[in-house]
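Scroll down for the structure; my scribbles are underneath it.
Computed from the coordinates by the stated procedures, all read-outs in this text should not be read as laboratory data. Given the structure is predicted, the values throughout are model-derived calculations rather than measurements. With ideal geometry, Cβ positions are generated from the backbone for all residues, glycine too; neighbour counts draw on all protein chains shown.
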2 protein chains.
Amino acid sequence: MTENELECEDYEYIIPDSDLSTFGINEGISETIVTTGFDVPNAAPIGIIRKNGKTFVRLFKGSHTWENVSKERYLAANIVYDPLLLVRSTFFDLDLSEFTFVVVDGRKFPVLKEASAWVVFQCANMKNTDHAVVTDLVYLASGRRERDINIFPVPNRGFNAVLEAAVHATRYQLSGDEKYLKWIRHYEILASKCGGEKETQAMELLYEVLGI
Amino acid sequence: MTENELECEDYEYIIPDSDLSTFGINEGISETIVTTGFDVPNAAPIGIIRKNGKTFVRLFKGSHTWENVSKERYLAANIVYDPLLLVRSTFFDLDLSEFTFVVVDGRKFPVLKEASAWVVFQCANMKNTDHAVVTDLVYLASGRRERDINIFPVPNRGFNAVLEAAVHATRYQLSGDEKYLKWIRHYEILASKCGGEKETQAMELLYEVLGI
């Protein structure tokens, strides 16, 4: 695709390379916020899995993401470094004003305004498992915020702790197992020690959601 | 400083902004590999702390970094996304061939060839505590690899797990407390599940070092 095909003014820089490794989506699981839904945009934290040369995701049945992807066969992976947005998208619907749209191949894809970059994928070979759908991802297009071109997200144990806490919080909500609360309390200390204001806010919101 | 003052061919892109936030070094603790030593370069993982508008580091007495900084009053923070290099620099001396030198204000600073970016700081207001020295950091210059300009390091729980394991491993080495081994084993599972080949190699090396 050429630069002219992309009509979103928010994203002025297009990554010409479809090799996800040069883009930062490496082997293993890359934690992104996935946006879907041409009509009603939705955002949810989902890991993009690369393994044995394949790129795929696992979408839980019943989720908005699963619903949209089943119908539309596309998703956008948003790269986000904001721990508060991570927690908000884990537990709440984002406001419509937090999305912007990028036009790829004549279709308008919802992506997050806050994202430093996004990759739009086509979903192929959808396979059902008991509780989830596994779908291969085929690279379609990607963009990056001009604004964030100089930003290097330096590893921060506080940010990482919020990510772990969010994972454990969803497991706690599903299972009610109190072992997850122990983890969450451990990560709260780490987020407060190694993170900044955003990490503190993110953990406060997470505690509020869990009622602890 | 101007672009001409920087004579290192490996780093072709200079970040003109001395605001560390736009660079990715935010409030909290940013995990970097610090290089020091004009004569004998040394590398060690050290957190750059930003708190209440100040930027500083805590250097343990007796370490090579402490020794070099006490004498020379400079350090470079290297931004590295390679988990194996992180573990190697935690436990071993890196080979001289892994360093390159950047010329800032007529001085040749060692930085890591593998770093995606680096920031050179002058060290000021050094203060002694019982086991450490705390020194303020004054921004001097920064550079970024042309090679890595398109790379967005997407959050990866496997990489993060290696970072946690390395922290716990140094604590285990200092204290011998077996509680750290439990943490390390937890993070080994996470690194293997969410990381790639590099994360696996990094954890293998860490296990080898600890003899577990």
Taking the Cα centre as origin and putting +1 on Lys and Arg beta-carbons and -1 on Asp and Glu beta-carbons, what dipole magnitude results for segment B:80-212, to the nearest 20 debye? 260
Separation of alpha-carbon centers, segment A:151-209 and segment A:25-83, rounded to whole Å: 21
Compare the Cα positions of A:37, A:118, B:132 along the charge dipole of the protein assembly as shown (+1 at Cβ of Lys, Arg; -1 at Cβ of Asp, Glu; about the Cα centre) and return the one farthest towards the positive end. B:132
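Averaged across the residues of B:139-149, what count of C-beta atoms belonging to other chains lies within 10 Å of each residue's C-beta? Write down the numbers at each step before the final one.
Working: counts 0, 0, 0, 2, 0, 2, 0, 0, 1, 3, 3.
For this peptide, the per-residue mean of nearby foreign Cβ atoms is 1.
Quick one: net charge of residue B:46's neighbours, Cβ under 10 Å, K/R +1, D/E -1?
Numbers: positive: B:58; negative: B:31.
In short, 0.
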Once residue A:171 and residue A:39 are pulled to full extension, the length gained, defined as 0.36 nm per residue separation minus their Cα-Cα distance, is 44.6 nm
Amide H to amide H, which residues 5 or more places from residue A:46 or on other chains are under 5 Å from it, using H placed in the peptide plane? A:32, A:33, A:34
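Contact order normalised by length for chain A, with contacts defined as Cα pairs under 8 Å and 6 or more residues apart; what percent is it? Before the final figure, lay out each step's value.
Values: 372 pairs, mean separation 44.5, N = 212.
After rounding, I find 21 percent.
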Enumerate the amide H contacts of residue A:132 below 5 Å, restricted to partners 5 or more residues apart or on another chain; note that Pro and chain-start residues carry no placed amide H. A:61
Per-residue Cβ neighbour rank within 10 angstrom, fewest leading, A:111, A:40: A:40, A:111
Find, among the chymotrypsin sites (Phe, Trp or Tyr not before Pro) in segment A:47-129, those assigned to loop by DSSP (not H, G, I, E, B) with at most 13 other beta-carbon atoms within 10 angstrom. A:92
Relative contact order as a percentage, segment A:82-190, C-alpha pairs under 8 Å and 6+ apart, gives 19
Placing each pseudo-label 7 Å from Cα in the direction of the beta carbon, residue A:124 and residue B:209 end up separated by a distance in nanometres of 4.2
One checks the Cα atoms of chain B and finds Rg and Dmax, in Å, of 17.1, 53
Return, for the Cα atoms of segment B:44-124, the radius of gyration and Dmax in Å, separated by a comma. 12.8, 38
Share of Cα-Cα pairs in segment B:115-212 beyond 17 Å, in percent? 65
Calculated from DSSP helices alone, with each H run of at least 4 adding -39500 (n - 2.57) and the total divided by the residues of chain A, [θ]222 nm to the nearest 500 comes to -10500 deg cm²/dmol
Compute the Rg to Rh ratio over segment A:59-181 from the alpha carbon atoms, using the Kirkwood formula for Rh, and round to two decimal places. 0.98
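So what's the convex hull volume per residue for the Cα atoms of segment B:151-194, in Å³? Please list the in-between numbers first.
Details: hull volume 2.5 nm³, N = 44.
In segment B:151-194, the Cα hull volume divided by residue count equals 57 Å³.
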Correct response: the longest run of chain A lacking exposed trypsin sites (Lys or Arg not before Pro), defined by DSSP loop and at most 16 other Cβ within 10 Å, is A:114-212
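What does the charge count near residue A:27 come to, summing +1 for each Lys or Arg and -1 for each Asp or Glu among other residues with Cβ under 15 Å from its Cβ?
Details: positive: A:50, A:51, A:54, B:157, B:193, B:198; negative: A:19, A:31, B:82, B:197, B:199.
Cβ neighbours under 15 Å give a net charge of +1.
On alpha carbon coordinates alone, what is the Rg over Rh value for the protein assembly as shown, Rh being the Kirkwood radius?
On the way: Rg = 21.8 Å, Rh = 22.5 Å.
Using only Cα positions, Rg/Rh for the protein assembly as shown is 0.97.
Using the structure shown, select from A:61/A:127; A:61/A:179; A:71/A:127 the pairs with a Cα to Cα distance greater than 22 angstrom. Spell out each step's value before the answer.
On the way: A:61/A:127 12 Å; A:61/A:179 25 Å; A:71/A:127 14 Å.
Where the Cα-Cα span goes over 22 Å, the pairs concerned are A:61/A:179.
Place a +1 charge on the Cβ of each Lys and Arg in segment A:20-77 and a -1 charge on the Cβ of each Asp and Glu, then give the dipole magnitude about the Cα centre in debye, rounded to the nearest 20.
On the way: 7 positive and 5 negative charges, 53 e Å.
In debye, rounded to 20, segment A:20-77 gives about 260.
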